[in-house]
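Enquirer: Input: one structure, supplied below.
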Amino acid sequence: MGLAMLTIWAFSMIESTMTLARRDGAGRIILATMGGGLVMNSSIPTAFATGAWGFVVPMVLIQVGRSLAARHYDVYDELRAHRPAMSAWSLLSAVPWVLGALAAPGPRLAWCVLALGIDLLGTRLGHPVPWNRDNDLSEVRFDIEHQASRTRRFLLICLGQAIVTTESALSGDVRDPARVATALASLAVLIGPWHVFFDAVDVDPQKAHDDGARSEVEVGSLSTSWVGVLLLAVVVLAVASKKVVGTPAQAIDLPVAACLVAGPAVCLVARSLYLGRVTTTAGRGSLTAGAVVLLALGAVATGIGLAQGVVLAGCALVIAVTALIHARAVG
């Protein structure tokens, strides 16, 4: 559900940085999307319990209606011609969304995953349809710097939510030194990948475009895709950290170890791949090496039954060293 919210946010962000922000009167589309997103967000806690219509209905209306409405404000003929293809893919994904809302809570997740997969695949492929195969959006102007700024703000919100999750696990007994130390290590593990992703190396997407690496729209789409990967990794890491903070002395098992090391490892690999796709920035090897060390740590810890708090502290150390080496490599 969090990734679905990211999809809504990403499309709205792209619209506002590419087209809607340039036309008077188009702000009502952004406001309507924000209102629908608020309803979706408030419906997440009950989406797999009492019913999912509060989430599905605004999701479908936003995905289909936004493209149709924005077509009246497009300043590029190529983009206006592309709108029906976007709506067609949104209608296709609406089918499993509706079927998921009709299904029982058990199989509902599978339908939601399928619907979300269609949305993300359509975006990644450029919404191909038989009647619009040769539409070229390479000349469509895109405010990459503004998009990067809004992306950082979204990740700050996600990071804050992950920190709140850790805090709730600690609130039971703040007098236990082991739990306090584990909570601090958890914060380091949560903040570390975010720091590496955006601050350790400030890659300029605009420069990557100017150097001829990618079109503006493609650079924006790639960065949004990697943010989706980072969001999933942070959610997985936050769930595992909450369990570890609650019982730091317990021997770690495979599911917890997998979530604990896979979350930051995916963040590091995603950042490395993004750098490789957008520009030729040095230092990618340190990110990959850090991910490998994290995975090895998880495997060893599970094999010998290390305490969960010790594993979390090890992850924090690996991430800190990786960020330091990476920053020095790019100088």
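Every number in this text was worked out from the coordinates using simple rules, so none of it is lab data. As the structure is a computational prediction, the values presented were derived from the model and not from experiment. Glycine also receives a Cβ, built like all others from the backbone with ideal geometry; neighbour counts cover every protein chain displayed.
Enquirer: Please give, to one decimal in nm, the separation of the simple spin-label points placed at Val180 and Ala249, each 7 Å out from Cα toward the Cβ.
Expert: Placing both labels 7 Å along Cα→Cβ, they lie 1.7 nm apart.
Enquirer: Let me ask you something else. Please work out how much length the chain gains when fully extended from Thr288 to Leu121, using 0.36 nm per residue of separation minus the C-alpha to C-alpha distance, in nm with one decimal.
Expert: On the way: separation 167, 0.36 × 167 = 60.12 nm, distance 2.56 nm.
Answer, rounded to one decimal: 57.6 nm.
Enquirer: Right, another one. Determine the shape class of the stretch 41-90: with a ≥ b ≥ c the square roots of the Cα gyration tensor eigenvalues, call it rounded for a/c under 1.5, and otherwise prolate if a/b is greater than b/c, oblate otherwise.
Expert: prolate
Enquirer: May I pose another question? If each of His195 and Leu61 carries a label point 7 Å out from its Cα toward its Cβ, how far apart are those two points in nm?
Expert: Modelled inter-label distance: 4.3 nm.
Enquirer: Moving on. Between Trp53 and Ala81, what is the FRET efficiency for a Förster distance of 41 Å, r being their Cβ-Cβ separation, to the nearest 0.05?
Expert: 0.75
Enquirer: Something else: Quick one: length gained pulling Ile157 to Ala103 fully straight, 0.36 nm per residue minus the C-alpha distance?
Expert: Between Ile157 and Ala103, full extension yields an extra 16.3 nm.
Enquirer: Need the full-extension length gain, Val95 to Ala299, defined as separation in residues times 0.36 nm minus the C-alpha distance. One decimal, nm.
Expert: Extending this stretch completely gives an extra 69.4 nm.
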